[in-house]
1. Looking only at segment C:67-94, count how many residues are more than 14 Å from chain A (Cβ to nearest Cβ) and at pLDDT below 90.
2. Go through B:156, B:145 for me and flag whichever is touching a helix residue (DSSP H, G or I) at 6+ places or on another chain (Cβ under 6 Å), within 14 Å of chain A (Cβ to nearest Cβ), closer than 22 Å to residue B:48 by Cα and crowded, with 17+ Cβ neighbours inside 10 Å.
3. Taking the stated definitions as given, is residue C:13 surrounded by fewer than 19 Cβ atoms within 10 Å (Cβ to Cβ), touching a strand residue (DSSP E or B) at 6+ places or on another chain (Cβ under 8 Å) and touching a residue at least 40 places away in the same chain (Cβ under 8 Å)?
4. Go through (1) in the same structural domain as residue B:204 (by TED's automatic domain parsing); (2) surrounded by fewer than 20 Cβ atoms within 10 Å (Cβ to Cβ) and name the single condition residue B:116 misses.
5. Residue B:51 - would you say it is surrounded by 18 or more Cβ atoms within 10 Å (Cβ to Cβ), within 14 Å of chain C (Cβ to nearest Cβ), under 20 Å from the mean Cα position of the chain (by Cα) and modelled with pLDDT of 90 or more?
6. Assess whether residue A:168 counts as being modelled with pLDDT of 95 or more and farther than 30 Å from residue A:209 by Cα.
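The values are calculated or read from the model by the stated rules, or taken from the named source; none is laboratory data. The shown structure was predicted, so the numbers you read here are calculated from the model rather than taken from an experiment. Please note: Cβ atoms are built from the backbone with ideal geometry, for glycine as well, and neighbour counts cover all protein chains shown.
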């Protein structure tokens with residue numbers, strides 16, 4: 001049994017950080033909070049999400065004998081439920097700036113969401129119908145860049161006008177983003193002192209701009225993001241949600257450069 | 001001959017309450033003001049509209065021998081003219097916050113609309129080409145609910161994300177709106193004390209959400225609306241326009257529940 | 001070699017006045033500023049554009065032996081470069097309210113645009129691939145009307161709801177714009193005292209509303225526009241950009257009235 005109360009805008013921010021990558025996923029509910037890890041249908045991007053219980057105004061979780069999910073046998077202190085996050089986001093977008101009450105009823109396999117006098121009930125998705133939770137690959141990122149989210153997002157928006165792929169790289173003490181079209185080219189170059197943090201180095205990777213664009217929408221409420229970079233390597237973007245009480249990581253596979 | 005002056009935003013509010021249900025209709029002009037009653041093409045919804053002459057800053061109406069319409073023989077103190085309200089609304093939407101001068105010339109079968117230096121002239125529609133003015137069915141509604149328009153409209157907007165039909169009902173001292181999708185369900189429940197007025201009862205009806213959505217746009221300027229309800233019965237929504245100097249009623253046929 | 005610095009919003013205003021008529025064109029860069037003259041693909045509309053060097057915060061222009069363009073033999077003090085203005089506008093729309101650095105490198109045939117840390121590079125278009133710069137016809141306009149841009153634009157927006165062609169004319173001491181649909185008609189009539197200037201007369205011409213609409217978007221930053229009119233004659237619209245340091249003229253061929 002899970003019951004909680006949370007600010008509607010905080011919940012919306014969390015859900016939007018998930019729907020930037022996946023429509024649905026298995027949410028793991030435990031005593032210390034919520035967790036999710038899911039890959040997109042094309043297996044190119046992954047989102048890892050964690051929300052501490054103290055992000056909630058109220059939080060009550062109890063595992064009972066009624067929880068017949070298979071996951072329960074492995075981890076008796078957690079419950080895994082399949083959720084259509086897109087549907088939840090649509091409704092939260094309308095509800096105004098209220099507080100949201102969440103109540104998970106595994107007996108009837110439903111999530112109840114109450115905003116004021118409005119109750120929204122969704123059936124849980126059958127976890128066996130969902131993509132398997134991905135293994136997180138063991139990755140070591142030689143370079144970290146901490147950048148203002150708005151600077152990153154603005155560059156991504158401009159890049160969309162130009163091409164389909166974007167290069168993220170570091171050249172000495174400069175971080176750069178670069179996208180090339182047939183006739184034109186856009187480049188953001190930020191020196192170490194224009195960033196919040198930079199590990200100097202010389203490396204870059206190419207990514208699909210569609211995915212980077214989608215992710216940049218999911219991070220819009222965070223002030224800063226951390227980009228973890230390597231040479232022809234996945235990109236990992238880390239940022240906080242819920243006033244630091246939640247953490248989101250996006251992982252994106254690189255594209256092989258054709259040249 | 002009809003000539004009048006009215007605030008542009010008041011006229012726009014009135015026209016929008018009409019175009020929520022019909023594109024065109026027969027407007028009856030008389031000494032005491034304007035009246036319209038029209039059904040939508042599918043014969044599912046009806047709008048009744050009344051605007052008192054004191055909603056106008058100036059109002060002049062005279063029936064003359066020139067009015068050769070058949071309606072004139074029945075009621076010599078009124079004129080009936082066919083108007084394309086959609087066209088009128090489009091132009092009023094651009095004109096700014098001015099005063100509008102209206103002038104009806106039945107000789108040339110035109111309505112002249114003047115906003116500042118801009119004159120908009122529409123040909124009247126041939127009343128014989130319009131759907132017949134509907135008879136108002138004799139209806140008795142056991143239940144009245146008075147609700148804040150914004151609460152109603154917000155629920156309708158959220159409902160659009162979920163399903164095609166909406167239930168409006170009363171259960172004891174609670175008014176509820178309910179819509180079901182394949183996987184999810186939205187419910188607004190308001191107790192008597194959360195409403196402006198409620199007749200207690202136990203009944204509900206099902207309506208097409210498309211129509212309720214359209215109607216909810218037409219009522220956006222009213223603070224409150226009155227919902228008149230029955231069991232598997234039409235819905236009648238009443239509200240005021242023009243600072244109480246106008247009245248609008250929507251009537252909507254119920255859907256037969258398939259279950 | 002051309003290098004300059006200019007306010008981003010001023011440059012955007014200039015580019016938008018050009019893209020209202022053409023996507024691309026030959027920009028002539030000289031010591032006294034920039035010039036362009038281009039016709040739309042259908043040869044119906046023309047834009048003439050001039051921006052003085054003092055509209056720039058910095059302006060440096062030098063013709064060198066490296067400029068191998070054919071135009072250079074005719075006018076050694078100017079350079080002509082083919083530019084895709086649509087692409088430039090898209091990027092300027094994102095860059096925020098910064099200053100823009102422009103740098104033309106004819107050796108590599110590129111225009112470099114820098115806004116803060118963002119660099120945007122476009123390849124110049126081959127001037128031989130562009131439509132020839134039009135000859136400006138010798139025109140004499142018997143009538144000038146100076147009107148507030150917003151009054152003109154609002155009437156154009158309303159006209160779009162009604163028809164495909166618009167009449168611009170003068171009747172004695174009144175300027176008018178008129179558009180007719182099948183059932184309706186819109187007319188703006190402004191007397192001399194409601195205008196900034198009017199040459200009295202009796203004449204009018206008919207124009208394609210699509211072109212007038214497009215042009216009206218390009219003039220949105222100007223307070224006033226001057227309409228130069230004749231009888232069944234082209235329309236010339238003049239206005240200032242860049243706080244009076246730039247001038248734009250649109251020329252539009254008339255339509256022959258079918259009646």
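1. The qualifying residues number 11.
2. Numbers: B:145 fails: touching a helix residue (DSSP H, G or I) at 6+ places or on another chain (Cβ under 6 Å).
So the residue among B:156, B:145 that is touching a helix residue (DSSP H, G or I) at 6+ places or on another chain (Cβ under 6 Å), within 14 Å of chain A (Cβ to nearest Cβ), closer than 22 Å to residue B:48 by Cα and crowded, with 17+ Cβ neighbours inside 10 Å is B:156.
3. no
4. (1)
5. Details: surrounded by 18 or more Cβ atoms within 10 Å (Cβ to Cβ): yes; within 14 Å of chain C (Cβ to nearest Cβ): no; under 20 Å from the mean Cα position of the chain (by Cα): yes; modelled with pLDDT of 90 or more: yes.
It is false that residue B:51 is surrounded by 18 or more Cβ atoms within 10 Å (Cβ to Cβ), within 14 Å of chain C (Cβ to nearest Cβ), under 20 Å from the mean Cα position of the chain (by Cα) and modelled with pLDDT of 90 or more.
6. Details: modelled with pLDDT of 95 or more: yes; farther than 30 Å from residue A:209 by Cα: no.
Against the criterion (modelled with pLDDT of 95 or more and farther than 30 Å from residue A:209 by Cα), residue A:168 does not qualify.
Listed here are the residues, each with its yes/no results for (1) in the same structural domain as residue B:103 (by TED's automatic domain parsing); (2) touching a helix residue (DSSP H, G or I) at 6+ places or on another chain (Cβ under 6 Å); (3) under 24 Å from residue B:63 (Cα atoms).
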{"residue": "B:17", "(1), (2), (3)": "yes, yes, no"}
{"residue": "B:23", "(1), (2), (3)": "yes, yes, no"}
{"residue": "B:35", "(1), (2), (3)": "yes, no, yes"}
{"residue": "B:38", "(1), (2), (3)": "yes, no, yes"}
{"residue": "B:42", "(1), (2), (3)": "yes, no, no"}
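One line per residue, one yes/no per condition, for (1) within 16 Å of residue B:146 (Cβ to Cβ); (2) under 23 Å from the mean Cα position of the chain (by Cα):
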position: B:178; (1), (2): no, no
position: B:186; (1), (2): no, no
position: B:191; (1), (2): yes, no
position: B:207; (1), (2): no, yes
position: B:219; (1), (2): yes, yes
position: B:224; (1), (2): yes, yes
position: B:229; (1), (2): yes, yes
